[in-house]
Each structure stands twice: as structure tokens, then as C-alpha cells.
């Protein structure tokens, strides 16, 4: 796999995640797409780390942070989705529109 | 102090006015003060030297005015006459006005009048004379309109006041002229300087004074107020309009005699004679006793004026005094008749034989007609004597004395016929008795005193008898017409009408003066209401228009502006708020777009 292939791959994965985040109706589907975006970013970072001459561990640490934060965010996000479900009895994100004018 | 009766009387009148309602018998104070004035006046008569009492009122560098009173022969005589007649009439009024609700007010005004009149004749200062002159006019107004609920009386008092006021303008003018010419108001100072002043100014001054005198004494241009003034109570008519106030004009001219020049004397003579003629002619056909007596007063005053017009102060003043007595007597006896019959109309007074009133009236009538030995004879003869040089006027005056006896005896024969006896009031007769006494004897009592006032011609016996014939023939003619029924003397209908309506003088004045004045005042009122108020109305309309426009502008434009801004914002908001979709995916999308822009911007 060459350098540019991997970058293109992570970009494609990111765009797919973005597309999902923007167009999915269900809140969980939207959240899964966001996780996808996280992973795409991780791939991007490791690519740059793998193909560099110098031994550079900054990318790896950063990726670990991202995974940790993603896990925490999963917990928080799922809590919010649960609260939304309790309130609205549906997971349809379109229904969370109280802030609409 | 011989002049102390004046303040005493003023104070008395005020006291009666204030306390009259509570203390019913306070009018006795008025009697007492009037009696006091009479005593003082007798002292004044017997006094030989002049007394002057003056005090300085204004004392500046170049302006010195004094107020004062002076007593000389003329003043002393007037003092006595006014005091006596006032006292007599006060006593008469006791009985006549008995039962009237406003008894005290009447007495207060009567006393006030007496005070003003005495002040007028006793002052030696022209300014003070003007003040008392006006006060006398005021008293006359108050007393004529005493029964103010009677419309006729109210109108008459107003008429009297305004007519004499017109004459008073003359007095004010003369005052101004005198002060600028002589620089003083005192009589003595004025008379001392006369020789140095040129004739035209003196003529103007004396003409102004004459106008004032004509106003007060109801002479020719002003004579309409006196007959109407009879609407007041009879004692008032007797006091004011027979004996004293109307005599003020004569007194004024007599006092100011040194100022009178040829021209003004002629004016006085002519006006006096004409007035005598007109009044005597008007008196011939009147149906009301009081009006006959009123015209008689005017006529006799004209006589006095004529006497003064030939520089005969003695005659004028003598006739004033005798006239005061017998005219007051005539009025009071008329009052007694009216008191009994309650009507003033000659035709309605039923035949009756009032013993004492008849005698009183007869005495007064004989004095008026100028029959020897009554006082009127002497005074009339003195005047006729002095007029003798002026043939036309002399003949006129003789004719008028004939008319005088005729009209007064017409009244006498019409009223006093034999018939049933009616009860007369004794209290009314006694005061009349005093006046009757003086009517008979005044000629003898005052003859020597009066002759010291000035010089007179020697009396011509033939003249005396000639005058007597005229007067007696008047009586005879009246007797023929009204007693002997067989003799009927028909007078021309139209002439009778002219005489009855006082030569239509009232109507003439109405057309000449009142109507134009009324028109003038109506026009002024019209201008005031329509034009001036209309102008103000116009201004308000314009202001209202402006405020309307302003309001509309405010409402439509400004509010519209604000509304439009609001609408604009509302539109913007309604568009812009669509950003707030509440949909999180939209927010992420926007976030993404923003990020892309930023990346491309900063790389």
C-alpha cells in the first residue's frame, strides 16, 4: 500500500462517516457514523507515522488519546441518546427540534 | 367751628347707614345733627366778618393746593336756607316715609345729601366744590332711585345722574383752565388775578362753568332729567329738586360771577329765558301734580339764570331763597294730597276740602305767582327790574309770570273744590307751616341782608304794579276756566299735545343722541364680537389645523417609519431564523462547510 493510497482511504472513510452523520435519521446511526469518522482520522495519523523516516511516536500517542476520548464520548453520547429516548419516545434525530424557532 | 356741621352730618349719615337696621330710632341722630346745622347757620347769618378756614393739602415747590371753607354773605345765606329746608323736610319725612322698610337708608342718604350740599355752598376752593358737586349728584341718584324696585325710578335716577354728569364735564374743564390760568383753586386768589387775564380765556372758563350750572339746574340742553326725577319720594323732590340741589347751579354762577364776561352773560341770559318759556309752556297741560311742579322749578330756575345774566346777583339769589321756601312748600302740600289720595293724577283727585293743605298750597301758589306781600313778589320784581333795559326779554318774562300764575292756579282750582272732608295728617302740616311762614315773610326778613350782596336799581313803583297785573290776570284766567263752568276756553289740540310732551324734547334727544349712541355701541359690540373674536377664532382654527397636520404626520409618517423598520426586521428574522432548525445534522453540515472554508483560506 503506498502512502497516498492510505490517505485516500482514510479520506474516503471520513467522507462516508460524514455522509452518514449528515443524512441518517436514527441517532445511533448518526453516532456510528461519527465513530467511523474517528477511525478514519486515526488511520490518517498512523499512516503519517508509518511512512516517516524518523522514529516518531507522537502520532501513536495522539491516536491513543483519540481512542480514549472516543470511548468516553460513546458513554456520554449514549447517555444523551437514552435521555432523548426517554423524553421523545423515539430515536429519530429530527424530532429533537425544541431549539427550532 | 361754624363749619363743623359738615363733617358732623357726614359722620351721622354713615352711622345711620351702618346701624340703621339694628337700632330703628337712630334717625333721631340725623334730626339732631340737622338742628345743630341750623343753629350754626343762624350764627353764620348774624356774623359780620368773613371767616376762612383752610388747610394745605398739596404743598410742593410749584404746586400748592389748599382745601378750605369760607363764610361770607352769600355762603351764610345758602347755609341757612339749606339747613332750614333740610330740617323741615327731615321732620316731614318722619311721617311721610313711615312704614317704609328702608327708613334708615332714606335718612342716611338725606343726611348725606345735606352734608354734601352744605359742603358745596361753604367751600371757598374750586376743587373741593367739584368734589361736593359730584357728591350732591350722587346723593340725588341714590335718593331718586330710592324705591329701586320701581323701574321708572331706576331709569330716572340713571338719567338724572348721566345728564348732570354731562354738565359736570364743563366743571372739570373749567377747573383745568382755571388752574392753568390762575395757578390756584382758591376763590380769593382767582378773583384777585382776574384783571390781568385776557377776555377770551375768561369767556371760555365761564362758559364751561355755565354748562355745568345748566346741567345741575336743568336748564335748556339738560332739562329732561328733572320731570322724570319726580319718580322719587316727594320729600326728596322737595329738598333736592326744588330747594337745594338745582339751586347749586345758580349758586355756582353767582359765586363765579367775576369770571363772567359779556358773551357768557348773554348766553346765560338767553338760555335762562328760553328755558323759562319752554318749561312754563310745558307746565300748562301736565296731568301730574309733580310734573307741574317740576316744570315750574325749571321755569323759576330759568328766571334766576336770567337775573344772573344781567349781573343781578341780588335778584338771582333772592329768588333762589324765596323759591326754595315756596317750592318746597308746594311740593310738601302735594305730598300731603298724594298721601291721602294715593294718586298723582290731577284728574283723578276727587273733590275735597282739605282745610290745612289747602291753605298751605294757596300760600305757596301765591308766592310762586308773585303776589304782594308774599316773598315771591319781591324777588321777582327785583329781577324784572334789572331786565327792564332788555325789552324783548322783559316782555317775555312778563308773559311767563302770567303763565306761571295760570298753571299753578289751574292746579289749585282743579284739586281743591268744595266737597267731603278728608282726614289730613297733622305731622305733615306742621313742617309745612314753617315753610309757609318763610314764604310769607322772607321778603321782609332778608331784604336788607340780601341787598348787601350787590347793587340794585331803585325800584320803580309803576313797574311793580305792572308786573302784579300780569300775575293777577293769570290767576283770574285760571279761575275763569276751572271754576266758572260756563266759560270754556278751548286751546288748540296740537299745542296742548306739544306742551304735554314737554315739546317732545325727550323724543328729540332720543333720536338725536340716544339712537346714534345706541347704534355706535351696537356697532362696536358687533366689531368686538364678530371681528375681534372672529380673529381669535380664526387663529384657533389655524392652530388646530396645524396640530391636526402635525398629529397626522406623527401618526402616519413617523409611526409608519417605525412600523416599517419593525416589519423589515420581522421579515429578516423570519428568514434568518430558519437557520435554527433544531436539527443537529444541519449544524454539523454548517460546521463542515465552515471548516473547509477555513482550511482553504489559511493554506
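The values are calculated or read from the model by the stated rules, or taken from the named source; none is laboratory data. Quick caveat: nothing in here was measured; it's all calculated off a predicted structure. Cβ: placed from backbone, ideal geometry, glycine included. Neighbour counts: every protein chain shown.
So the values come out like this:
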read-out	value
Selection status of residue A:6, assigned to a helix (DSSP H, G or I), in contact with a helix residue (DSSP H, G or I) (Cβ under 6 Å, 6 or more places away or on another chain) and closer than 30 Å to residue B:573 by Cα	no
Any hit, region A:39-54, residues being within 14 Å of chain B (Cβ to nearest Cβ) and under 23 Å from residue B:581 (Cβ atoms)	no
Among (1) within 28 Å of residue B:579 (Cβ to Cβ); (2) within 14 Å of chain B (Cβ to nearest Cβ); (3) part of a helix (DSSP H, G or I); (4) without any contact (Cβ under 8 Å) to a residue 40 or more places away in the chain, the one test that residue A:76 misses	(2)
Where residue A:84 falls short, out of the listed (1) away from chain B (no Cβ under 13 Å); (2) at pLDDT below 90; (3) in a helix (DSSP H, G or I)	(1)
Residues within region B:571-588 that are loosely packed, with under 13 Cβ neighbours inside 10 Å and either more than 7 Å from chain A (Cβ to nearest Cβ) or in contact with a strand residue (DSSP E or B) (Cβ under 8 Å, 6 or more places away or on another chain) (or both), tallied	8
Single unsatisfied condition, residue A:25 versus (1) within 14 Å of another protein chain (Cβ to nearest Cβ); (2) within 16 Å of the chain's Cα centre (by Cα)	(2)
Close pairs (9 angstrom Cβ cut-off, 6 or more residues apart or separate chains): farther than 20 Å from residue A:24 by Cα in region B:571-583, modelled with pLDDT under 80 anywhere	B:573/A:101; B:574/A:101; B:577/A:100; B:577/A:101; B:578/A:101
Test: residue B:237 is over 13 Å from the mean Cα position of the chain (by Cα) and either surrounded by fewer than 24 Cβ atoms within 10 Å (Cβ to Cβ) or assigned to a helix (DSSP H, G or I) (or both)	no
Given (1) at pLDDT below 85; (2) surrounded by 13 or more Cβ atoms within 10 Å (Cβ to Cβ), index of the condition residue A:20 fails	(1)
